[in-house]
Amino acid sequence: MFVLRQCLTLGTKSSIRNFSATTNLVNLTINEDTGVAIMELNKPPVNSLNYELLEAMHRTLVKLENEKCPGMILTSSSRSTFSAGLDLLEMYKPTVDKARRFWSMLQNTWIKLYSTPYPTVAAINGHSPAGGCLLAMSCEHRIMVPDKMIGLNETQLGIVAPQWFQDCMRNIIGERQAEKALIAGRMFTSEEALKIGLVDELATDKEDLMQKAHDFLDEQMGLPPLARSVVKVGFRKDTLSKLINGREADIKMFLDNVFQPKVQESLENYIQMLKKK
Ligand SMILES: CC/C=C\CCC/C=C/C(=O)SCCNC(=O)CCNC(=O)[C@H](O)C(C)(C)COP(=O)(O)OP(=O)(O)OC[C@H]1O[C@@H](n2cnc3c(N)ncnc32)[C@H](O)[C@@H]1OP(=O)(O)O
């Protein structure tokens, strides 16, 4: 195995190997024998998704697709958290330009991740609220360590999970469970998430998590890749097209919401609460 230090400037494979990264937001490891990629989010302490992390993820996904990656594991370098979701500081008192740029990069990254032709598995080694849950739900398979929390908790913060976040959840756990979970902004323990199908497997620890993730990819990589990807994208196309054809409306929805005084007040209180913990 060798490690490619992913940075904001990507070049050829060999130039990346020699690159001394100053921004190391995504660690990319590619197994030389199998080609399997491990994409490890590395923005301590909790992988909050700011513009820079989303951009690094997007570039990594483009690179993997261009290099015909056979399979990818998405995980985190944090001991406690897979991803804490969208970076609250990106949404707290932003300028219009900053908010628009941020949301547009979130859309780019999600579209790439949700539509990869190659199999993807989320190795969820920590808490996974809101945008973190979205990342996990965008992979094809989810494996989680015990005693962590996952879910779309937006309602509890006084904000609304966008339609495409909701659609991802509905596609996985079905209409009724998704409606209940989304209205309440419910967070599930790993064990509860397994029960309702929000995750597919539990692992005992990080080693078991990675082994199970590799097992899933081995199975998928044994299937004819073209047929596999056509079926995958066929299942996902309605959800994808809704956003792809409505990107500007979705940005407008975000901007209309984020600048509401009540939303700013909720964000401020929540940020303060997290800092006081
Ligand atoms: C206007 C909106 C319109 C549309 C909305 C869009 C949809 C929004 C989607 C989202 O994703 S919103 C974000 C939701 N995220 C959360 O609710 C998670 C909040 N965080 C936590 O619950 C916990 O941090 C944790 C993930 C469970 C990890 O707990 P732990 O005890 O390990 O860490 P700690 O809480 O001490 O946090 C460390 C450090 O990180 C800061 N932090 C945490 N989460 C975020 C975040 N999402 N964005 C920015 N910063 C975050 C936290 O404040 C601490 O900072 P400090 O070290 O400076 O105190």
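The values are calculated or read from the model by the stated rules, or taken from the named source; none is laboratory data. Remember, it's a predicted structure, so these values are computed and weren't measured experimentally. A quick note on method: Cβ atoms are made from the backbone with ideal geometry, for glycine too, and the neighbour counts reach across all protein chains shown. Protein only, heavy atoms only, side chains kept; ligands, DNA and RNA dropped before computing areas. Shrake-Rupley method; radii C 1.70, N 1.55, O 1.52, S 1.80 Å.
Against the definition (within 15 Å of the ligand (Cβ to nearest atom), within 22 Å of the chain's Cα centre (by Cα) and part of a helix (DSSP H, G or I)), how does residue 274 come out, yes or no?
Values: within 15 Å of the ligand (Cβ to nearest atom): yes; within 22 Å of the chain's Cα centre (by Cα): yes; part of a helix (DSSP H, G or I): yes.
Considered against the rule, which asks whether it is within 15 Å of the ligand (Cβ to nearest atom), within 22 Å of the chain's Cα centre (by Cα) and part of a helix (DSSP H, G or I), residue 274 comes out as yes.
Just one of (1) open to solvent by 10 Å² or more (accessible area, probe 1.4 Å); (2) of a type outside the set (D, E, K, R); (3) assigned to a helix (DSSP H, G or I) fails for residue 29. It is (3). Of the residues making up region 35-73, those that are within 16 Å of the ligand (Cβ to nearest atom) and either touching a strand residue (DSSP E or B) at 6+ places or on another chain (Cβ under 8 Å) or assigned to a loop (DSSP other than H, G, I, E, B) (or both) are 41, 42, 43, 44, 45, 46, 47, 48, 49, 50, 53, 57.
Please verify whether residue 50 is open to solvent by 30 Å² or more (accessible area, probe 1.4 Å) and within 30 Å of residue 266 (Cβ to Cβ), treating the condition exactly as stated. Judged against the criteria, residue 50 is not a match.
Summed over region 178-190, residues that are in a strand (DSSP E or B) and surrounded by fewer than 20 Cβ atoms within 10 Å (Cβ to Cβ) total 1.
Given the structure, is residue 219 part of a helix (DSSP H, G or I), among the charged types (D, E, K, R) and within 16 Å of the ligand (Cβ to nearest atom)?
no
For region 79-95, how many residues meet the condition of being more than 6 Å from the ligand (Cβ to nearest atom), in a loop (DSSP other than H, G, I, E, B) and open to solvent by less than 20 Å² (accessible area, probe 1.4 Å)?
Residues meeting the conditions: 3.
No other residue among 127, 141 is open to solvent by 10 Å² or more (accessible area, probe 1.4 Å), near the ligand (Cβ under 10 Å from one of its atoms) and modelled with pLDDT of 95 or more apart from 127.
Pairing residues of region 64-89 that are without any contact (Cβ under 8 Å) to a residue 40 or more places away in the chain with residues that are open to solvent by 10 Å² or more (accessible area, probe 1.4 Å), at Cβ distances under 7 Å and at least 6 apart in sequence or on separate chains, gives 87/48; 87/50. Of the residues making up region 96-109, those that are open to solvent by 10 Å² or more (accessible area, probe 1.4 Å) and either among the small types (Gly, Ala, Ser) or over 19 Å from the mean Cα position of the chain (by Cα) (or both) number 5. Which members of region 226-255 meet the condition of being within 20 Å of residue 99 (Cβ to Cβ) and open to solvent by less than 80 Å² (accessible area, probe 1.4 Å)? 243, 246, 247, 249, 250, 251, 253, 254, 255 - these are the residues of region 226-255 that are within 20 Å of residue 99 (Cβ to Cβ) and open to solvent by less than 80 Å² (accessible area, probe 1.4 Å).
Report yes if residue 116 is surrounded by fewer than 24 Cβ atoms within 10 Å (Cβ to Cβ), under 30 Å from residue 34 (Cβ atoms) and touching a Cys at 6+ places or on another chain (Cβ under 9 Å), otherwise no.
Working: surrounded by fewer than 24 Cβ atoms within 10 Å (Cβ to Cβ): yes; under 30 Å from residue 34 (Cβ atoms): yes; touching a Cys at 6+ places or on another chain (Cβ under 9 Å): yes.
So residue 116 fits the description; yes.
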